[in-house]
Amino acid sequence: MKGKTVALVRNVGALEEDCRKADIVIAPFKVGKACARPPNAPRVIVDRDMLQKSGARTLYLDGSSIRTETVATRRGNRPWSRPATSPTTHTNHAGRKANPTPGHGK
C-alpha cells in the first residue's frame, strides 16, 4: 500500500515475523511490547488494546510518513462513545513519533 507493508496478523504465532517485516501491524489481540523492540519494530501498531483505549483510527500514508488519527478526533466526541485518549500521531521515515498535528487531540 503506497510502498508500505501492512500485516493483518490473525495468529499470535505469526506476530514476531510480521513485526520484523511490516511498517504497519494490525491485530485483533493485544500485541504488547514484544512487537515494539527496535531496530525492526513496525512504525504503527493497531491492536485490541489501542482500539479499546482510543477507538477506531484512520491511517494516512504520505510519502515516507504515516499519520494516524482517531475517528473521535475527526468527528468529535459523541454521547454514545468514549472520548479519544490520544492525539493524532505522526511517524517520520525513521519510525519515530513526531509532534501531533496542531489543533488535533486537544
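Here are some notes:
- Considering residues of the stretch 68-85 that are in contact with a helix residue (DSSP H, G or I) (Cβ under 8 Å, 6 or more places away or on another chain) and buried (at least 17 other Cβ atoms within 10 Å of the Cβ) only, the residue modelled with the lowest pLDDT: Ala84
- Residues of the stretch 39-67 satisfying the condition of being assigned to a strand (DSSP E or B), of a type in the set (A, V, I, L, M, F, W, C) and surrounded by fewer than 18 Cβ atoms within 10 Å (Cβ to Cβ): Leu59, Leu61
- Scanning the stretch 8-22 for residues that are surrounded by fewer than 20 Cβ atoms within 10 Å (Cβ to Cβ) and under 15 Å from the mean Cα position of the chain (by Cα) yields one hit, Leu8.
- Applying the condition of being surrounded by fewer than 18 Cβ atoms within 10 Å (Cβ to Cβ) and in a helix (DSSP H, G or I) to the stretch 23-38 and asking which residue is modelled with the highest pLDDT yields Lys33.
The values are calculated or read from the model by the stated rules, or taken from the named source; none is laboratory data. These figures come from a predicted structure and were not determined experimentally. With ideal geometry, Cβ positions are generated from the backbone for all residues, glycine too; neighbour counts draw on all protein chains shown.
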